[in-house]
Amino acid sequence: MKSIRHLFLLAAAITFSTNMIAQKRLVLIDQDASGPGGSDQMSMMVLLQSPEIKVLGITTVSGDAWAPEETQHTLRMLELIHRTDVPVVQGAVFPLVHTREDATLDRAVNGSNVWYGAWTDRKDKPYHDPFLVPTMPEGAPTTKALDEGAPHFLIRQVHAHPHEVTIYAAGPLTNIALAISIDPEFASLTKGIVMMGGSLNPVTEDPEFSTHPRHEFNFWFDPEAAHIVLRAPWPSITLTTTDISIKTRFTKEMVAEIAKAKTPAADYIAKYTEEYGYCWDELEAAAWLDPKIITKTTDYYMDVDLTRGPNYGDTLTWSKENKPERTVGLVHVQQDLDYPRFRNLFIKLLSAPPQSAGSVQ
């Protein structure tokens with residue numbers, strides 16, 4: 001009798017565990033994953049550390065840094081926080097059309113931007129070859145990226161889980177645009193896309209945004225990709241813009257609070273995150289996990305200005321009444337947030353232990 005009861009309890013436990021896994025929300029992360037530490041890596045960690053989420057994979061894309069370098073930092077981050085169960089795929093190294101040479105020539109006519117990402121060349125961030133991976137402070141990874149193109153990986157995962165996968169896009173949209181161009185069903189087979197990008201009218205004295213309010217780096221780095229993505233037939237598009245991102249702040253006090261946990265994720269942040277600024281991608285990730293963080297949204301029809309000149313890559317918006325006849329995407333734009341709720345969730349997740357056992361390096 002005891003053995004039968006034991007088998008019954010074991011079967012019930014297995015069924016419960018299977019159901020819990022099945023109920024997890026599925027996400028594919030597409031990120032310009034500069035590192036070590038910093039906003040890009042921490043935003044991915046928000047999702048990786050959540051018990052409610054299954055990350056099907058991470059695809060890297062050039063933006064804040066070059067994709068080959070980002071891939072290595074991401075692989076090493078996963079080793080250090082014990083999440084080597086998550087596959088990594090290197091994505092697009094260059095935008096579809098926009099080039100560093102274009103951006104350099106534009107400065108003479110249109111003035112300079114504050115941030116050029118992988119194209120930056122200054123004393124504290126000297127430019128380097130796209131395929132060079134500089135010495136990594138956190139050490140080189142021993143794990144490898146999958147030998148597969150990022151767009152094909154994204155397509156394969158979406159077809160394996162139709163209408164169940166959310167695309168989390170937190171960098172330039174090159175990989176996503178390529179997936180759409182290869183597979184016309186890609187966007188419609190997802191559960192939707194959440195993006196960090198675009199800028200409307202940020203209320204700030206920060207000259208990076210106050211003097212050019214419609215300029216935002218992710219859309220500007222690859223405007224043609226953003227144009228393709230915004231016109232695709234997604235079930236829904238949710239956008240974290242500059243306007244709401246600048247209402248957040250990552251501080252030394254937050255690092256100190258996270259560091260107290262002494263978990264792998266907390267140790268990684270305490271050791272390698274040295275920049276303090278707006279929580280661009282972290283807010284996007286946290287708001288997808290907990291929609292109550294966002295207290296106000298507005299729907300706009302949206303596209304990107306592809307006209308070469310001072311407004312190249314700027315965010316274009318319309319209401320239902322004045323939108324153009326051509327296809328433009330309806331976007332749910334986040335406008336305001338419950339900052340304490342965001343801060344508490346962010347600290348809680350990045351202080352937590354690993355969500356599944358990966359190999360320790």
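Can you tell me, using C-alpha contacts under 8 Å and at least 6 residues apart, the relative contact order of region 24-351 as a whole percent? Kindly include the intermediate steps, with their values, before the conclusion.
Values: 704 pairs, mean separation 66.2, N = 328.
About 20 percent, as a whole number.
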Summing Lys, Arg as +1 and Asp, Glu as -1, what charge do residues with Cβ under 11 Å from the Cβ of Ile155 carry, Ile155 excluded?
-2
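How much length is gained if the chain between Lys252 and Lys348 is pulled fully straight, taking 0.36 nm per residue apart and subtracting their Cα-Cα distance, in nm to one decimal? Mind showing how you got there, number by number?
Working: separation 96, 0.36 × 96 = 34.56 nm, distance 1.58 nm.
Result for the pair: 33.0 nm of gain on full extension.
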Could you tell me the distance between the Cα centroids of region 73-131 and region 308-337, to the nearest Å?
25
Relative to the present Cα-Cα distance, how much length would full extension add between Arg107 and Asp290 at 0.36 nm per residue of separation?
61.9 nm
Helix-only [θ]222 nm of the chain, DSSP H runs n ≥ 4, -39500 (n - 2.57) each, per residue, nearest 500:
-11500 deg cm²/dmol
Once both axes come from the Cα atoms, what is the angle between helix 38-48 and the longest principal axis of the chain, in degrees from 0 to 90, rounded to 10?
40
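Using 1/(1 + (r/R0)^6) with R0 = 30 angstrom and r between the beta carbons of Asp124 and His152, what's the FRET efficiency to the nearest 0.05? Intermediate results must be reported in sequence, preceding the final value.
Numbers: r = 37 Å, r/R0 = 1.22.
The pair Asp124/His152 has a calculated efficiency of 0.25.
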Label zone at Ser236 (point 7 Å along Cα-to-Cβ), backbone N below 17 Å, region 282-300
284-300
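How much of the DSSP bridge set in the chain is antiparallel, in percent, rounded to the nearest 5?
Values: 13 of 38 bridges.
Antiparallel bridges make up about 35 percent of those DSSP assigns within the chain.
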If you fit an axis through the alpha-carbon atoms of helix 67-80 and take the longest principal axis of the Cα set of the chain, what angle between them do you get, 0 to 90°, nearest 10?
30
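Can you give the FRET efficiency to the nearest 0.05 for Arg341 and Glu274, using r as the Cβ-Cβ distance and R₀ = 41 Å? Intermediate results must be reported in sequence, preceding the final value.
On the way: r = 26 Å, r/R0 = 0.64.
About 0.95, to the nearest 0.05.
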Just order 341-348, 172-179 by mean Cβ neighbour count inside 10 Å, highest at the front, would you?
172-179, 341-348
Under Karplus coefficients 6.51, -1.76 and 1.60, residue-wise ³J(HN,Hα) of region 150-167 in Hz, glycine/proline x:
4, x, 5, 5, 4, 4, 4, 5, 5, 5, 6, 9, x, 6, 10, 9, 9, 8
If each residue's Cβ is checked for other Cβ atoms within 10 Å, how do Ile246, Ile58, Ile81 rank with the fewest at the top?
Ile246, Ile81, Ile58
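Report the full-extension gain for the segment Thr297 to Phe94: residue separation times 0.36 nm, less the Cα-Cα distance, to one decimal in nm. Can you show the working numbers first?
Values: separation 203, 0.36 × 203 = 73.08 nm, distance 3.26 nm.
Answer, rounded to one decimal: 69.8 nm.
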Projecting each Cα onto the charge dipole of region 24-351 (Lys/Arg +1, Asp/Glu -1 at the beta carbon, about the Cα centre), which of Thr71, Asn344, Pro207 comes out farthest on the positive side?
Asn344
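So, counting K/R as plus one and D/E as minus one, what does the shell of residues with Cβ under 11 Å around Gln90 add up to?
On the way: positive: Lys144; negative: Glu69, Glu70, Asp147, Glu148.
Every neighbour counted, the sum reads -3.
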Which label belongs to the value computed from this structure, given these candidates for semi-axes √(5λ) of the Cα gyration tensor in Å: (1) 33, 24, 21; (2) 53, 25, 20; (3) 29, 26, 20?
(1)
Calculate the length of the line joining the C-alpha centroid of region 151-208 to that of region 248-270, in whole Å.
29
Could you state the angle between the C-alpha long axis of helix 339-351 and the longest principal axis of the C-alpha atoms of the chain, as a value from 0 to 90 degrees rounded to the nearest 10?
50
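Any read-out appearing in this document is the output of simple, stated calculations on the displayed coordinates, not a laboratory observation. Note that this is a predicted model, so its numbers are computed, not measured. Note: ideal-geometry Cβ built from the backbone for every residue, glycine included; neighbour counts use all protein chains shown.
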